[in-house]
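I have placed the structure first, in the form of structure tokens, so that the comments after it can refer back to it.
The values are calculated or read from the model by the stated rules, or taken from the named source; none is laboratory data. Just so it is clear, the structure is predicted and the values come from calculations on it, not from any experiment. Here the Cβ positions follow ideal geometry from the backbone for every residue, glycine too, while neighbour counts run over all protein chains shown.
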Amino acid sequence: MPTNDSKYIREVWAENLDEEMVYMRDLVEDYPYLSMDTEFPGVVARPIGTFRTSSDYHYQTLRCNVDLLKVIQLGVTFADQYGNLPGNICTWQFNFKFNLEEDMYAQDSIELLTKSGIDFKKHEEYGIDVEHFGELLISSGFVLLDDVKWISFHSGYDFGYLLKVLTCSSMPADESEFFDLLRTYFPCFYDIKYLMKSCKNLKGGLQDIADDLQVARIGPQHQAGSDSLLTCSTFFKMRQMFFEDKIDNQKYLGYIYGLRCGPNTSVQSLTNATNNLSLTTTTTTTTTTTLSSTGNALAEDTTPGSNGKLALDGSNVKAVNAS
């Protein structure tokens, strides 16, 4: 089994998964704030059609890509309510099975992850089976509980992949159904990008915000463990500096940046939004792709409100096992 542990980040592969999950189950009782980040193989498809709102288009893009692709890494960092970390190891980086010869991916994303130190040969040989991980996650004490708080950054895709792992099923067709499912498994979560709406002069990505707040990174950027640890430290620094250490859950709990639905979104409000806003999205795509021998760059979709097609970016998509 490969090892690449830092002082704070524990690498988890198939061989040590069960052992580490046992330890983490005990840890969550005293450290119920879980910061998370995922690494996934990019964006390879976009839905074509007319969409009710911009949020609907963003969700349908998220949905089709999560359904098509596999998660590569999950990072989880533990903290208590004051932002204190456990002694020694505080972050676990789960490395999942991924095969560059068989699984679909965006070329530029894989190149970035490779430069960041992800070894895809190790993922192929030693990676965690996602179905087994999903079974362990269900019984971990991390999900389905109100007293566990999840912290994330611009996390639509992150939670999408986690729901896919937990349910072993396709993403819900509608954004409101996605949020219903999300709130079942993750009753309490914050998105730092959404919190930034009330933070004057904060803008940009996670690293930009961390730099502005003088939060130091531990480990390599674009690896899920390091990113989840930085997410944790940034959240508590933001809470201290901009929210006087108390975040208004009525305003910020249960929202994801870029998506419309939140904990107080009703069916009627979604209906009103649909009646008041219509967005037509035109997507320019190439017509060549390595996904099939025919070069067909359109895939079937059954999303309500779309014309049933997904546009695949053939200049950037790789899946070598096509016959």
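Inclusion of Thr38 among residues that are farther than 30 Å from Lys121 by Cβ and at pLDDT 95 or above is not warranted. Please go through the range 57-86 and pick out each residue that is closer than 30 Å to Lys318 by Cβ and part of a strand (DSSP E or B). Listed by number, the residues that qualify are Gln73, Leu74, Gly75, Val76.
Do you know which residues across the range 8-19 are assigned to a helix (DSSP H, G or I), touching a residue at least 60 places away in the same chain (Cβ under 8 Å) and over 14 Å from Tyr126 (Cβ atoms)? Within the range 8-19, Asp18 is the sole residue that qualifies. Candidates in the range 73-112 are the residues that are out of contact with any helix residue (DSSP H, G or I) (no Cβ under 6 Å at 6 or more places or on another chain) and among the small types (Gly, Ala, Ser); of these, the one that is farthest from Phe153 (Cα to Cα) is Gly87. Within the set Asp119, Asp80, the sole residue that is within 21 Å of Arg10 (Cα to Cα), modelled with pLDDT of 95 or more and touching a Phe, Trp or Tyr at 6+ places or on another chain (Cβ under 6 Å) turns out to be Asp80. Screening Ser54 on (1) within 28 Å of Gly141 (Cβ to Cβ); (2) in contact with a strand residue (DSSP E or B) (Cβ under 9 Å, 6 or more places away or on another chain) shows it passes everything except condition (1). For the range 47-99: of the residues being within 25 Å of Asp119 (Cβ to Cβ) and among the β-branched types (Val, Ile, Thr), which is surrounded by the most Cβ atoms within 10 Å (Cβ to Cβ)? Looking at residues that are within 25 Å of Asp119 (Cβ to Cβ) and among the β-branched types (Val, Ile, Thr), I get Thr77.
Inclusion of Gly42 among residues that are over 20 Å from the mean Cα position of the chain (by Cα) and on the phi > 0 side of the Ramachandran plot is not warranted.
Restricting attention to the range 210-254, the residues that are in a loop (DSSP other than H, G, I, E, B) and closer than 21 Å to Ser198 by Cβ total 11. Considering only residues in the range 136-156 that are among the small types (Gly, Ala, Ser) and in contact with an Asp or Glu (Cβ under 8 Å, 6 or more places away or on another chain), the one that is surrounded by the fewest Cβ atoms within 10 Å (Cβ to Cβ) turns out to be Gly141. The helices (runs of 4 or more DSSP H) found entirely in the range 127-187 that carry 2 or more residues being over 30 Å from Ile209 (Cα atoms) and hydrophobic (A, V, I, L, M, F, W, C) are 130-138.
Could you tell me whether Val43 is closer than 21 Å to Lys193 by Cα, surrounded by fewer than 23 Cβ atoms within 10 Å (Cβ to Cβ), aliphatic (A, V, I, L, M) and touching a helix residue (DSSP H, G or I) at 6+ places or on another chain (Cβ under 8 Å)? Yes; evaluated as a whole, the condition is true for this residue.
Only one of the numbered conditions (1) at pLDDT 95 or above; (2) out of contact with any strand residue (DSSP E or B) (no Cβ under 7 Å at 6 or more places or on another chain) is not met by Asp191, and that is (2).
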